[in-house]
1. Output the peptides 578-585, 411-418 sorted from most to least packed, where packing is the average of other Cβ atoms within 10 Å over each peptide's residues.
2. By how many nm would the segment from residue 544 to residue 167 grow when fully extended, if each residue of separation counts as 0.36 nm and the alpha-carbon distance is taken off?
3. Among rounded, prolate and oblate, which fits segment 310-375 when a ≥ b ≥ c are the square roots of the eigenvalues of its C-alpha gyration tensor, a/c under 1.5 means rounded, and a/b larger than b/c means prolate?
4. For the ranges 66-73, 53-60, what's the packing order if you count other beta-carbon atoms within 10 Å of each residue, average per peptide, and put the highest first?
5. How large is the Kirkwood hydrodynamic radius of segment 254-332, in angstrom, based on all distinct alpha carbon pairs?
6. Can you work out the FRET efficiency for the pair residue 552 and residue 442, with r the C-beta to C-beta distance and R0 = 45 Å, to the nearest 0.05?
7. Treat each spin label as a single point 7 Å out from the Cα along the C-beta direction, and report the residue 84 to residue 561 distance in nm.
8. Find the eigenvalues of the gyration tensor of the Cα atoms of segment 212-265, then list the square roots of 5 times those eigenvalues as equivalent ellipsoid semi-axes, largest first, in whole angstrom.
Ligand code: 0RA
């Protein structure tokens, strides 16, 4: 970051250099790291600024382009970043915004300004972490431009033309600095689409157009109904019990909006946003909404005589089954728990949100008695199911305590008792289970075969799932207990490895197992104990040499390397059962040669959506999902 020779050092230049240098030295403090996630944050940070313009009512179109060289353009039709000379520094406001930390919202004053930026550092941090960056501003009939390299201005703010009448806006193009974001990093279309969709939902009326020029995929989001559309979208494969309940209100500069709808599903899908940011750890807005829902439903059920004197109140859990809800708040001074954990802390938000939700939901119930009855019925059923589940679970736990000496009969245990080294292979099907038992290293590898069909726990409630024989065997084998009683200390195997066929059924079973672990043994995933085995797709024999291909690309590469088409014997494995014990060991179980995918919950919300879609009642979306994803084993990053 060396200034050009003709530039003189004055106090403010030195200040700027210090700021930008700080960002480059400790990117973690500003964008959360230097990995793929942080890379996406760069885009979000820039788009957040355009969203701010939309929230201020000054912009209704945002365009995001990923260019083939992975530079990114974000363009909006907002007011345009001011370019006039800033009195304190003597430089253009644009330059100050682009080069000074925290300068994002300090210009133009007046009006109600919501700052979306997750880390609040603004676009200058993105500039500092970019190999180069160019900003073009259309304002007052003219077009201005400035270029920066690693955050430092390399041109003055230049007037480069005239803007068509009345057109204003800001266009930022930046290329991340590969000396900071190291490795072969690529923006992920699906991750970005998800985020832009959310942004469009919570910023009603704004059009977000996203184009990936690397692949020519593009998508446009515009939701006239805002978060009401969001709820309908989330429930697209569920059966709703009533129309969406929705309300919005502004009080003391705090804007609150919520939308909710119950469906016949058993899961909860609730999302909370603060200044358009998905606050995945929730916070006061979420607590306010949840407590208001429970209180309002209890009040109504008592008054309507649907809860009798002898009945206990609904618990929070009882009112969450089948609930899809969004709460979105816009706050001029949001407080977050920390830089990376996304949780809203402002205490006043809880009271305000609770008021808005109680009032609107209370009125809805009064005015729609049949919808009200359906909702209360749902709560009553889930309260009963919960009692039944608790009993079933206690039974499983008590029994598994009793049976702790008698591990499930089908388990082929290992001899080592040291969880640091032991592994449990959960294998689909008896025949693959047999091969795995013979092929394994019995010193540290245990095998539990599961019968595929029995695991079909779709739409099953907790009590049903827990009374399933296969699941019981799994729980006993792991030794940890489940749900609230889960205790990782008792885990009998350091690695729990799901090994299923690379076909549609295998993918289905894997998802069902992941569902089970996700819902009842979450710490197992969080603490990195859960893995997916990667069996090969092909066996390629040539002369007396055998090689295995784990992906289609592998296969092509190997075939090309051999080149000698006539003498190649290519076998496609349709299932694990086609491999003999020795082959299964070499390709999939031998720690020296195998590949394991660690299951992580990077985006728990997305995982939940996928799970509940797969568990949902309507068949078409589920089939579609399984068909499209069945072959993407390697990309399964839930
Ligand atoms: C400062 C003041 C004003 C707008 C902006 C910044 C602004 C920043 C960005 C970043 C991306 N797009 C943007 N659009 C606007 C208010 C200017 C006024 O009052 O005219």
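Any read-out appearing in this document is the output of simple, stated calculations on the displayed coordinates, not a laboratory observation. The structure presented is a predicted model; accordingly, all values stated were derived computationally and were not measured. Cβ: placed from backbone, ideal geometry, glycine included. Neighbour counts: every protein chain shown.
1. 578-585, 411-418
2. So the extension gain works out to 128.7 nm.
3. Taking the square roots of the gyration eigenvalues as a ≥ b ≥ c, segment 310-375 is prolate.
4. With the highest mean Cβ count within 10 Å placed first, the list reads 53-60, 66-73.
5. For segment 254-332, the Kirkwood estimate is 13.6 Å.
6. 0.85
7. 6.6 nm
8. 27, 21, 7
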